[in-house]
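Below is one structure, written out as structure tokens; the observations come after it.
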Amino acid sequence: MVKQRELFSSTSIDTLKFEKAAYRNYFKYVAGVDEAGRGPLAGPVIAAAVILPENLLLPGVDDSKKLSSSKREKLFDVIKDHAVSIGVGVVTASEIDKINILQATRLAMLSAVQQLSPEPDYLLIDGNCKIETLLQQKTIIKGDSLSISIAAASIIAKVTRDRYMTEMDSTFPGYGFSAHKGYGSAVHMERIRVLGPSPIHRLSFAGVKEHIRCTSF
């Protein structure tokens, strides 16, 4: 467990400024929202929404891209232990091909928000695109570095997606999903060329669509 004095340490107080602004405006349940997996050639885009207790600071919680895999795994459990509520939204590769990655990301975020209980009354969203909801929302560029709630969501989304892609390594062997998590590494690109796309590849993405005729699935 994180010690009480650590939770309210003043060293990271800046990451609470957006949450505090919302509380001052009488919002009660502020949710941070972020996604993982916009860029990969394979696998879903996964979003997370996290409501943390008011004024809660979790040491080490930051933009998931800045953290090692082992650190993210540890913080994943810490966040789950302390969060008021967590929601996760998933949009598959086939759905991404149908509606494009931007709309898929927005849909995954909306799905994550809809799973929260209690229902949030204010959203802090990483990036610059709002989602289709009547809830009050604020978009924040690089929000995963500026808001504790968004940072927590980024970790939940990233760990959830990485775990899924590791599982897919056994389901679709030969692509090395557990190593690159679906991103376009040189090894991954070569395996697509040799094996053709798998059922979880994004067929509309460059680097995959050129090899659709090679697939044996």
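Please treat every number below as a calculation from the coordinates, not as lab data. Worth saying up front: this structure is predicted, and the values here are computed from it rather than measured. Here the Cβ positions follow ideal geometry from the backbone for every residue, glycine too, while neighbour counts run over all protein chains shown.
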* Asked: So who's got an amide H within less than 5 Å of the one on S85, skipping anything under 5 residues away but keeping other chains? H placed 1.01 Å off N, in plane.
  -> I51
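I need the fraction of alpha carbon pairs in the chain separated by more than 26 Å, rounded to a whole percent. Provide the component values of the computation, followed by the final result.
Details: 8518 of 23436 pairs.
Here the long-distance tail beyond 26 Å is 36 percent of all Cα pairs in the chain.
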* Please find, in a Gaussian network model of the chain (springs between Cα atoms separated by less than 10 Å), the residue of S178, S64, S149 whose mean-square fluctuation is greatest. => S178
* To do: Quick one, can you get me the convex hull of the C-alpha atoms of the range 10-84 expressed as volume per residue in Å³?
  => 113
* Asked: Mean separation of Cα pairs under 8 Å and 6+ residues apart, divided by the residue count of the range 34-102: what relative contact order is that in percent?
  -> 46
* Within the range 133-159: backbone nitrogen closer than 20 Å to the K71 label point (7 Å, Cα to C-beta) -> 142-159
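Below 8 Å, C-alpha to C-alpha, sequence gap of six or more: please give me the relative contact order for the chain in percent.
27 percent.
Report the extension gain between D169 and Y23 in nm, rounded to one decimal, defined as 0.36 nm multiplied by the number of residues separating them, less their alpha carbon distance. Before the final figure, lay out each step's value.
Values: separation 146, 0.36 × 146 = 52.56 nm, distance 4.35 nm.
That works out to 48.2 nm of additional length.
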* Asked: Between their Cα atoms, which of K130/K158; K74/K158; K17/K65; K20/K74; K17/K66; K28/K65 are more than 23 Å away from each other?
  -> K20/K74; K28/K65
* Asked: How fast does the range 111-217 diffuse by Stokes-Einstein, in µm²/s, taking the Kirkwood radius from C-alpha pairs at 25 °C and 0.890 mPa s?
  -> 151
* Taking neighbour counts of Cβ atoms within 10 Å as a proxy for exposure, in what order, fewest first, do Y23, Y122, Y164 appear? -> Y23, Y164, Y122
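Going by how many other beta carbons lie within 10 Å of each one, how would you line up D62, D121, D144, fewest first?
The most exposed by this proxy come first: D121, D62, D144.
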